[in-house]
1. Sorted by average packing, counted as other Cβ atoms within 10 angstrom per residue and highest first, what order do 23-36, 120-133, 293-306, 340-353 take?
2. Just how far, in whole angstrom, is the stretch 187-215 from the stretch 102-124 if you go by their alpha carbon centroids?
3. Work out Dmax and Rg for the stretch 40-122 from the C-alpha atoms and quote the Rg first, both in angstrom.
4. Taking the structure as given and computing Kirkwood radius over Cα pairs in Å, which label from (1) 21.3; (2) 20.7; (3) 23.1 fits?
5. Order these by the 10 Å Cβ neighbour count, fewest first: 270, 48.
6. Give the order of 213, 206 when sorted by the count of other beta carbons within 10 angstrom, beginning with the fewest.
7. Can you give me the relative contact order of the stretch 192-332 as a percent, contacts being Cα pairs under 8 Å and 6 or more apart?
8. Of all beta bridges DSSP finds with both residues in the chain, what is the antiparallel percent, to the nearest 5?
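Throughout, read-outs are computed from the coordinates displayed, never taken from laboratory work. Worth saying up front: this structure is predicted, and the values here are computed from it rather than measured. Note: ideal-geometry Cβ built from the backbone for every residue, glycine included; neighbour counts use all protein chains shown.
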Amino acid sequence: MPARLSPPAPVVPSRLKRQFSAHLLAWKTAHGRSDLPWQNLRDPYRVWLSEIMLQQTQVSTVRDYYQRFLQRFPTVHDLAAAPLDEVLGLWSGLGYYSRARNLHRCAQQVVHDLGNFPRSARQLQTLPGIGASTAAAIASFCFEERAAIFDGNVQRVVARLLAFQDDLARAPAQRQLLQAAEQLLPAADCMPAYSQAIMDLGATVCLPRQPRCGFCPVQHLCDAQRRGEPESYPLRSRALKRSSQRLWLLWLARPDGSVWLERRPERGVWGGLHCLPVYDSFEQLQAVVPEAARARMTEEPAFMHALTHRDLHLHPVRVWASARLAPVLTAGQWWPEDALSGLGLPAPVRRLLQETTA
């Protein structure tokens, strides 16, 4: 059978291109966001840092992390020279820790191999952790390249504008909508303002639920609004279901306040972080504790930690350890209490240890 060809991307009329960007740019001047610390920048390091942090993370959460990172690592050279543990420590609580590891690797590659950030989206995508949308953001904001940011906010705006009916859970539909978004791009010298404007529109007006169409500068151009069903777009059939998982944490503690920590595998929950040893059941945990120490085991209150698509039900089990207990574990080491603040720890583990010493 011949291969199925993907249907072509919608052809955006020239009139719509001109009017959309013109109305959007005028709206940004009067109503766009202006209080975000990473706005109106041409420094690729700061734009890149903000874009990586904002992946899967709310603006309100990123603000403080972004400022702390820049205080400690004001340039890409500072970040490249830092130990990974320090980077992970500052990242603790933002989640998706592969972002922090890629951030560190990318900084080192930029400094040691390239000398500076590439100026094109195509070249930027060759760096660790930089996908197409992040590359487009850096290239459009910093170097005025006509490259389309394509995060969830932009996808929603463009899909509603065109009443795009294909399922964005399918890769061909994603490519078609991206091609339509590229047709809407204005002249290169307008790209920094346009990129910020379309993201602002999606974040503050063209909301996933209950969009504020009455405040939208392009509502008269919007096919979804004309059809009276803006919330029906974009279509995305494959919804991620929440799951839950129970984990037991072996909390080995010494009277001097030191605790035993292992580094987690890079893949999986809390990848690359230092952590209390993790087990899938109480029986697995108990099996590594010598018989003589089991009398000193205490099951602490369980608590829940929410990830983006999974609820972790955590069961800490504290064991007051003697000097001879740790060798039954094959990985990890004792960490003194005053060293914990500088380590990359999972947020719930850090809170657990802090509440004990408070």
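1. Highest-to-lowest ranking by the protection proxy: 340-353, 120-133, 23-36, 293-306.
2. 28 Å
3. 12.1, 34
4. For Kirkwood radius over Cα pairs in Å, the calculated option is (3).
5. The fewest-first ordering by Cβ neighbours comes to 270, 48.
6. Starting with the residue having the fewest Cβ neighbours, the order is 213, 206.
7. Here the relative contact order equals 24 percent.
8. In the chain, DSSP labels about 60 percent of beta bridges as antiparallel.
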